[in-house]
Amino acid sequence: MRIVMTGLLLVASAVGTALSITVLPYYDDKTGGVLPLVWVTAGLWILFTLSLITLRGVRTRAAIVLVLLGSIAIGGAAMAGPPNTSTDSARYAWDGIVQNAGISPYDYVPADPALAKLRPEWLFPAAVLTSDGMPGCTGARIMTVKEPGTGDVLCTAINRSKVTTIYPPAGEMFFAAVRFLTGPGPQYWPMQLAGLLISLGTTALLLRALIARGRDPRWAALWGWCPLIATEGVTNSHIDIVGAMLVFVATLLVSTRRPVLGGIALGIAISIKLIPVIGSFALLRRNPVRVILGAVGVFAVLYLPYILASGVGVLGYLPGYLGEEGYTSGTRFIMISLVAPGVAALVVAVILILITAALTWWKSNPDDPWLAQLVMIGVTLLIVTPRYPWYALILVPMIAMTGRWEWLAVPLALTERLLLPSVDLARLTVTLGIVLIVAVTLYRAGPGALSRLGGVIRHPLGGAKTPENRGSLDQYVTET
């Protein structure tokens, strides 16, 4: 009965996922605005929760089969239509097309007429005459810009088409590889398929890692069935899913005493997108020099050909992007800005992240760094509070490896912030998420958690050094 119930819930999740993509496009106001998508997304998270509950009563072998089949069904359903809440994969496609033509993606902006011959029609549809007789652009994802130099109307699916790319070299190599295999003609499905394959591969690795460590393989469903993986890793095919897999692999390698290989995997992850650097601190407790050398070495090697081609241009639009998003001014730190507005929020955020990093390095168990990774990444996301839920893809494998389901409140809160862009509402959901994490953490730590926490607050250094809590990961979570 539990197998049947879980299977039905997974089928409902797959159908709901496909529905959210095909019937409720985020960019189409004709469907009644964004609220229908919000309700369907909430329903997907409820189905996800119910399926996890029913899975608990399924025997282990059957549960493993359900985890794999559910991952395939939900991930496959996520390919039912084009991206629905992001246009980033259009930039991925363009960067790949440009590189396969022998041009560095850091040298030209997509709107530059010098690259006009490379433009596929699906990325750059022709302008049409509007009702007033002037050229214009139509389409849910199509933006109108002026072509540099000519001033002509240019229709494009690429966001920020008048600035260079922000993605590091490993990410660019990945885009080029995908487009090398498919050519410029196919639209969004090549990156979606790549995201699906990476998602399924990560599910399989999680199952193997959990079984090898004597942990419950059902926890792999926390990744494989998670709505965030389907929507942001597959449908919107964010490159962050590659970084998430590589940080997971790096942690796996370092924890099994292969620091150089772990460092290499970490370095590739950071050169996919810089965010995975927050996953480095939990890996430095043992053999830090080897981990760092592996990471820095591969990072430098990957950057070298692009530096030779474009020089300092390899920074792309990254500095401008950070300013545009409000991180340099402190306005993006929605929780910290309540007490430290403006630039002060940036200072406070940096201090808090450094403190968390130091605690993570100090308390991490080198043979079992998963909980330390979870806290470092999760706390950083709560401090930074980005607008984009796909930044939390890197967190989900750590949730699965530890079984700490309460931390799913982080990607859920960030998803709400994307769909309903209200700062006050986002502060409420983040606060509720923090309350849930703290409450469940205290429950896990046992009846004496509050008294031990009080001792740490009264005597932070003395409390941290007592024999009964030295190296205790649950105590570390509570302290952090």
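Numbers at a glance
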| item | result |
| --- | --- |
| Pairs with Cβ under 7 Å, 6+ apart, first in region 250-266 and within 16 Å of Ala170 (Cβ to Cβ), second assigned to a loop (DSSP other than H, G, I, E, B) | Leu266/Ser280 |
| Trp361 vs. criteria surrounded by fewer than 19 Cβ atoms within 10 Å (Cβ to Cβ) and in contact with a Phe, Trp or Tyr (Cβ under 6 Å, 6 or more places away or on another chain) | yes |
| Filter result for Gly139 (outside any helix (DSSP H, G or I), over 29 Å from the mean Cα position of the chain (by Cα) and modelled with pLDDT under 90) | no |
| Unique residue being over 12 Å from the mean Cα position of the chain (by Cα) and either within 29 Å of Ile46 (Cα to Cα) or surrounded by 24 or more Cβ atoms within 10 Å (Cβ to Cβ) (or both) when the list is Ala230, Ala221, Ala244 | Ala221 |
| Residue in region 168-181 that is touching a strand residue (DSSP E or B) at 6+ places or on another chain (Cβ under 8 Å), in a loop (DSSP other than H, G, I, E, B) and either farther than 30 Å from Ile399 by Cβ or modelled with pLDDT of 90 or more (or both) present | no |
| Only one of Ala93, Ala63 that is buried (at least 17 other Cβ atoms within 10 Å of the Cβ), in contact with a Lys or Arg (Cβ under 8 Å, 6 or more places away or on another chain) and within 27 Å of Pro169 (Cβ to Cβ) | Ala93 |
| Filtered residue count, region 387-426, keeping only those that are under 13 Å from Leu228 (Cα atoms), in a loop (DSSP other than H, G, I, E, B) and modelled with pLDDT of 95 or more | 1 |
| Conditions (1) surrounded by fewer than 18 Cβ atoms within 10 Å (Cβ to Cβ); (2) touching a helix residue (DSSP H, G or I) at 6+ places or on another chain (Cβ under 9 Å); (3) not hydroxyl-bearing (Ser, Thr, Tyr): number failed by Gly185 | (2) |
| Residues (surrounded by 14 or more Cβ atoms within 10 Å (Cβ to Cβ) and in contact with a Gly (Cβ under 8 Å, 6 or more places away or on another chain)) located in region 123-143 | Pro125, Ala127 |
| Unmet requirement for Val109, which otherwise passes all of (1) surrounded by fewer than 23 Cβ atoms within 10 Å (Cβ to Cβ); (2) more than 22 Å from Ala170 (Cβ to Cβ) | (2) |
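Residue-wise test of (1) assigned by TED's automatic domain parsing to the domain that holds Tyr391; (2) of a type outside the set (D, E, K, R); (3) touching a residue at least 60 places away in the same chain (Cβ under 8 Å).
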| residue | (1), (2), (3) |
| --- | --- |
| Val153 | no, yes, no |
| Met173 | no, yes, yes |
| Pro186 | no, yes, no |
| Ala194 | no, yes, no |
| Ser199 | no, yes, yes |
| Leu205 | no, yes, no |
| Arg218 | no, no, yes |
| Trp223 | no, yes, yes |
| Ala230 | no, yes, yes |
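The values are calculated or read from the model by the stated rules, or taken from the named source; none is laboratory data. Since we're looking at a predicted model, the values are computed, not measured. A quick note on method: Cβ atoms are made from the backbone with ideal geometry, for glycine too, and the neighbour counts reach across all protein chains shown.
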